[in-house]
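The values are calculated or read from the model by the stated rules, or taken from the named source; none is laboratory data. Quick caveat, the model's predicted, so the values are computed rather than measured. Here Cβ is always computed from backbone atoms with ideal geometry, including for glycine, and neighbour counts include all displayed protein chains. The area values use the complete protein model at the heavy-atom level, side chains included, leaving out ligands, DNA and RNA. Shrake-Rupley method; radii C 1.70, N 1.55, O 1.52, S 1.80 Å.
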There are 2 protein chains.
Amino acid sequence: MAEGGTRAAVRELYDAYARRDFDRVAALIHEDIDWVIYGPVGVFPFAGPRRGRAAVLQALGGIAEAYSLESYKPEIMIVDGDRAAVMSDVSFRQRATNRMLRFRLANFLRFQDGKVIEFREFANTFDVVEQALGRELQL
Amino acid sequence: MAEGGTRAAVRELYDAYARRDFDRVAALIHEDIDWVIYGPVGVFPFAGPRRGRAAVLQALGGIAEAYSLESYKPEIMIVDGDRAAVMSDVSFRQRATNRMLRFRLANFLRFQDGKVIEFREFANTFDVVEQALGRELQL
C-alpha cells in the first residue's frame, strides 16, 4: 500500500474511534489481525494478545463495557510505508465509579489492504492502574 | 531536515546506544531537548520529564548506575519528516540483584539539526516494576 493510502487509513481509523463509530472501526480491522494491548489482565481484562477480528472486537467491547470514551486526541501521527505510529492523549470514564482516567497511549500499526493487520498499544500502565483503582499501589 | 537525514540520525542513535557508545549518544542529543520517560519515579528515579542535554545525560547515567544494558533490539523503526517512532525489545540486568529484566519500549522522537530535540518513552510499566521488584504487585 502506498504511504498516502496508509495516512488516509490511519486518519480514518482514529477519526472513527474518536467519534465512537465502532462499526467503521470494525470495518478497518483486518480479519487476520495480530493485536496486543500491553497491560495487566488482572486489572484490564481486555489487555493482552488477540488474534483475528472477532477476538479484537470482543476486547474493544470489553473496554466499552467498563469505560466510556470521553476524549481521544492523537497528538503525533507518523506514517512510513505500510506502518504508522500514533501518540494520543485520552480520557476514559470508569462506568462503575464514575472515575475519570487520563493518560497517553502509544500505538504501532501496520496496514494491509487498507486495514489494520498488526497493532501494539503501550501506556504507562503503572500509572493507569493507580488511576483505575483510585489509589497508589503499595511497593 | 529531509526524511533521509532523520532515518540516518535515528539509526545512528540506536546503533550507538546498542553498542553502549554513550559519548556518541550524547552528541546526538540536542542541547534544548524536551524528554519524558513515562514511569513511576519511586521505582525508577531516572523516569519523568527532563529538560536540556545535561539533565538527560544525568538520567541516562542513573539508568546505567542501576542497570547494565544487555540487549537493545529495535524491531520497528518508522520515520516521517523530522519525526520517528521506534519499538524495541530490550534486556537490562539490575546491578544490585543480578536480576534480568526484559520488556518492550516504544519511543517517539523528533529531530532538529540532526539531533533529538523531543523524546517520549513508553513501556508496560506495571510489568516492568514487577520485574524490577522480583515479585507481583498487590492490588
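Which ones in the range A:1-26 are touching a residue at least 40 places away in the same chain (Cβ under 8 Å) and part of a helix (DSSP H, G or I)?
A:3, A:5, A:6, A:7, A:9, A:10, A:11, A:13, A:14, A:17, A:18, A:22
Restricting to the range B:86-114, count the residues that are open to solvent by 30 Å² or more (accessible area, probe 1.4 Å), touching an Asp or Glu at 6+ places or on another chain (Cβ under 8 Å) and not aliphatic (A, V, I, L, M).
Counting residues in the range B:86-114 that are open to solvent by 30 Å² or more (accessible area, probe 1.4 Å), touching an Asp or Glu at 6+ places or on another chain (Cβ under 8 Å) and not aliphatic (A, V, I, L, M) gives 7.
Report yes if residue B:83 is within 14 Å of chain A (Cβ to nearest Cβ), surrounded by 15 or more Cβ atoms within 10 Å (Cβ to Cβ) and touching a residue at least 40 places away in the same chain (Cβ under 8 Å), otherwise no.
In short, yes.
Quick check, is residue A:126 hydrophobic (A, V, I, L, M, F, W, C) and assigned to a strand (DSSP E or B)?
no
Among what's in the range B:115-128 and is within 21 Å of residue A:128 (Cα to Cα) and surrounded by 22 or more Cβ atoms within 10 Å (Cβ to Cβ), pick the residue that is farthest from the chain's Cα centre (by Cα).
B:126
Inside the range A:110-132, can you point out the residues that are touching a Leu at 6+ places or on another chain (Cβ under 8 Å), touching a residue at least 40 places away in the same chain (Cβ under 8 Å) and more than 7 Å from every other protein chain (Cβ to nearest Cβ)?
If the condition is that a residue be touching a Leu at 6+ places or on another chain (Cβ under 8 Å), touching a residue at least 40 places away in the same chain (Cβ under 8 Å) and more than 7 Å from every other protein chain (Cβ to nearest Cβ), then A:114, A:115, A:116, A:118, A:119, A:121, A:128, A:132 are the ones that fit.
Quick one: in the range A:69-80, of everything that is within 14 Å of chain B (Cβ to nearest Cβ) and among the hydrophobic types (A, V, I, L, M, F, W, C), which residue is surrounded by the most Cβ atoms within 10 Å (Cβ to Cβ)?
That would be A:79.
Report whether or not residue A:66 is open to solvent by 20 Å² or more (accessible area, probe 1.4 Å), at pLDDT below 95 and either farther than 21 Å from residue A:115 by Cβ or more than 14 Å from chain B (Cβ to nearest Cβ) (or both).
no
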